[in-house]
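Peer 1: The structure follows.
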Amino acid sequence: MSNKKVFEIGDSAFLRGSKSIVVFNNSGDFLDETKDEKVNVTPKNIRKPIEFVPHGKDNNLPVQIIQKVYKNITTASNVDFNTRISIGDGLLVVKKVKDKGEIKYEEQIESEQPKIFEFIQNNNVNRILQEAAADMVVFYDAFIEVIFNKNSSKPEIVMIRHKEATFSRLSVMNEKTAKIEYHGYSAKWGDGTPDDVIATPFLDRDAPIYDLKSRLGIIPNPNTGKNDTVTKDKRFIMSLALPTPGRFYYNKPYWWAIFESKWYDYACAIPEFKMALIENAMVLHYHVKINTAFWAKLYKDEGITDPEKQKQRKLEFLTQMDDFLAGKENAGKNFVSHFSYDKIKGYEEQDIIIELLESSMKGGEFIEDAEEASNSICYAMGVHPSLQGASPGKGKNINGTEARELFIIKQAIMKPIRDALLSFMYTVKAINGWDPDIHFVIPNIMLTTLDKNTGQVKSIGNQKI
């Protein structure tokens, strides 16, 4: 075993002497925002300097968040679950109709809405929804680029692209208009002043459709009152953000409380501590007692007189003993040793005695602590542990009915995220002049009981599809 007394493991250290775990990371500090600092960049596609607002202390907060998500199994699993349930059964094109005074939604097929389905297929909208959902769950924001055709007489959105929130930054608000004007895209924001930034006009978060229509001259410009085309740009960025209080540029999701509350640190420290024990703590399973007279008998029986050969034979015997005790193929085998009885002293004299030691480390240390930390993280991220297949504790398993109700409730509370995810489709609808009664929904998946002869049905609200 190594003579090292201190072992660094990730963001922790193990002290062998005192068998202590030390956590270095103070995870809440990295969330602090940089105030009154700007990154002045001249984008590749716009030859003028633009000031962008850094995201985090070193303008690398999104990357740090992603690294932390993957470091903890509960956090990573919850992000995956929330992302999947955000997009539910995928995009559904429906038409709102009135039947005897009752509003209903009729699912559309390709032959009924060929232009819409062609757009969806050409742009792989389902993948865009998946990418945007991941950003929404982690950052409460996602960015979509809308790209127009080259025909200025009849503007039409022909392409949409997802832009990673990790590599997105927003320009400093224009004091005159009180609006953010540009979105900057680069994979080098954390390196200082990137040289590959692509700047794209940023649509008003509060009214992106109105902003886009006024820029294109579809409706009167609010500044001139005339239907003037005020831009030659063919690309725009729109934000799908879920607003959080006190934030203007970048959101601070509520689930990030796990970092400031230290529950995340605690959850990560437990497996590191266990790993340190496995790698560095000496756990004794057996105590082997060998009578000193045994060696003389062994050497005599085998005719070994040379001192060096006696040492070698002793080492060979101990190696054989170690293999016998450690080898799993020897489990259950018997060990026979000789003994004699000393009548004068009144006790047995045995050559070899093997005793099983009771270890204080059972392998179940911190089970309750790990459970508490995981439950706290799940609570913050809005995921019931039982929906992920994890039992929240002994005797706390839930039945199928409870799981089904939890699944329904979870889908219901995901509505704000689903509405935000679909907002770019309504922007395309408004600009391209699609049927005003066409709507886009992500239907709920309603789990049913086995006596219904099916595992699930789709629904919009209370209406089954």
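Peer 1: Checking the condition at pLDDT 80 or above and over 32 Å from the mean Cα position of the chain (by Cα), which residue from D451, D437 passes? Step through it out loud before you land on a result.
Peer 2: Working: D451 fails: at pLDDT 80 or above.
Only one candidate qualifies: D437.
Peer 1: Quick one: in the range 216-256, of everything that is open to solvent by less than 50 Å² (accessible area, probe 1.4 Å) and part of a helix (DSSP H, G or I), which residue is farthest from I413 (Cα to Cα)?
Peer 2: L216
Peer 1: Being modelled with pLDDT of 85 or more, touching a Ser or Thr at 6+ places or on another chain (Cβ under 8 Å), surrounded by 12 or more Cβ atoms within 10 Å (Cβ to Cβ) and more than 30 Å from F324 (Cα to Cα): is that true of S423 here?
Peer 2: Values: modelled with pLDDT of 85 or more: yes; touching a Ser or Thr at 6+ places or on another chain (Cβ under 8 Å): no; surrounded by 12 or more Cβ atoms within 10 Å (Cβ to Cβ): yes; more than 30 Å from F324 (Cα to Cα): yes.
It is false that S423 is modelled with pLDDT of 85 or more, touching a Ser or Thr at 6+ places or on another chain (Cβ under 8 Å), surrounded by 12 or more Cβ atoms within 10 Å (Cβ to Cβ) and more than 30 Å from F324 (Cα to Cα).
Peer 1: Filter the range 126-142 down to the residues that are aliphatic (A, V, I, L, M) and either open to solvent by 20 Å² or more (accessible area, probe 1.4 Å) or part of a helix (DSSP H, G or I) (or both), then identify the one that is farthest from T75 (Cα to Cα).
Peer 2: First, the residues of the range 126-142 that are aliphatic (A, V, I, L, M): 128-129, 132-134, 136-138, 142.
Okay, now just the ones that are also either open to solvent by 20 Å² or more (accessible area, probe 1.4 Å) or part of a helix (DSSP H, G or I) (or both), so 128-129, 132-134, 136-138.
Values: I128: 23, L129: 21, A132: 18, A133: 16, A134: 13, M136: 15, V137: 11, V138: 10 Å.
Result: I128.
Peer 1: Continuing with this model, one more query. When you scan the range 206-215, do you find a residue that is touching a strand residue (DSSP E or B) at 6+ places or on another chain (Cβ under 9 Å), touching a residue at least 60 places away in the same chain (Cβ under 8 Å), part of a strand (DSSP E or B) and within 27 Å of N151 (Cα to Cα), even just one?
Peer 2: Scanning the range 206-215, I find no residue that is touching a strand residue (DSSP E or B) at 6+ places or on another chain (Cβ under 9 Å), touching a residue at least 60 places away in the same chain (Cβ under 8 Å), part of a strand (DSSP E or B) and within 27 Å of N151 (Cα to Cα), so the answer is no.
Peer 1: So the check is Cβ under 9 Å with 6+ separation or different chains; which pairs have a first residue in the range 57-83 that's under 23 Å from I270 (Cβ atoms) and a second one that's part of a loop (DSSP other than H, G, I, E, B) and modelled with pLDDT under 90?
Peer 2: Short answer, once both residue conditions are applied: Q64/G56; Q64/D58; I65/G56; K71/G10; K71/D11; T74/A390; S77/A390.
Peer 1: Additional query: How many of the residues making up the range 143-198 are at pLDDT below 90, surrounded by 17 or more Cβ atoms within 10 Å (Cβ to Cβ) and more than 17 Å from G56 (Cα to Cα)?
Peer 2: Total satisfying the criteria: 1.
Peer 1: Would you please list the contacts, defined by Cβ atoms under 6 Å and residues six or more apart or on different chains, that run from a residue in the range 415-428 that is farther than 21 Å from P155 by Cα and in contact (Cβ under 8 Å) with a residue 60 or more places away in the chain to a residue that is β-branched (V, I, T) and crowded, with 22+ Cβ neighbours inside 10 Å?
Peer 2: Taking only residues 6 or more apart or on different chains, the pairs are R418/I442.
Peer 1: Restricting to the range 96-113, name every residue that is open to solvent by 80 Å² or more (accessible area, probe 1.4 Å) and either within 30 Å of T74 (Cα to Cα) or over 36 Å from the mean Cα position of the chain (by Cα) (or both). Steps first, please.
Peer 2: So the first thing to find is which residues in the range 96-113 are open to solvent by 80 Å² or more (accessible area, probe 1.4 Å), and the list is 98, 100, 102-103, 106-107, 109-112.
Correct list: K98, K100, E102, I103, S111, E112.
Peer 1: Something else about it: Can you find a residue that is outside any helix (DSSP H, G or I), modelled with pLDDT of 85 or more and open to solvent by 40 Å² or more (accessible area, probe 1.4 Å) anywhere in the range 19-38?
Peer 2: Within the range 19-38 (the criterion being outside any helix (DSSP H, G or I), modelled with pLDDT of 85 or more and open to solvent by 40 Å² or more (accessible area, probe 1.4 Å)), the answer is yes, since at least one residue qualifies.
Peer 1: If you don't mind, there's one more thing I want to ask. Considering the range 146-194 alone, what residues qualify as being assigned to a strand (DSSP E or B) and under 22 Å from I219 (Cβ atoms)?
Peer 2: V146, I147, F148, I157, V158, I160, N174, K179
Peer 1: Confirm whether V63 is aliphatic (A, V, I, L, M), open to solvent by less than 30 Å² (accessible area, probe 1.4 Å) and at pLDDT 85 or above. Let's see the steps before the verdict.
Peer 2: Numbers: aliphatic (A, V, I, L, M): yes; open to solvent by less than 30 Å² (accessible area, probe 1.4 Å): no; at pLDDT 85 or above: yes.
No; evaluated as a whole, the condition is false for this residue.
The values are calculated or read from the model by the stated rules, or taken from the named source; none is laboratory data. Since this is a predicted model, take the numbers as computed values, not measurements. Note: ideal-geometry Cβ built from the backbone for every residue, glycine included; neighbour counts use all protein chains shown. Surface areas here come from the heavy atoms of the whole protein model, side chains and all, with no ligands, DNA or RNA. Shrake-Rupley method; radii C 1.70, N 1.55, O 1.52, S 1.80 Å.
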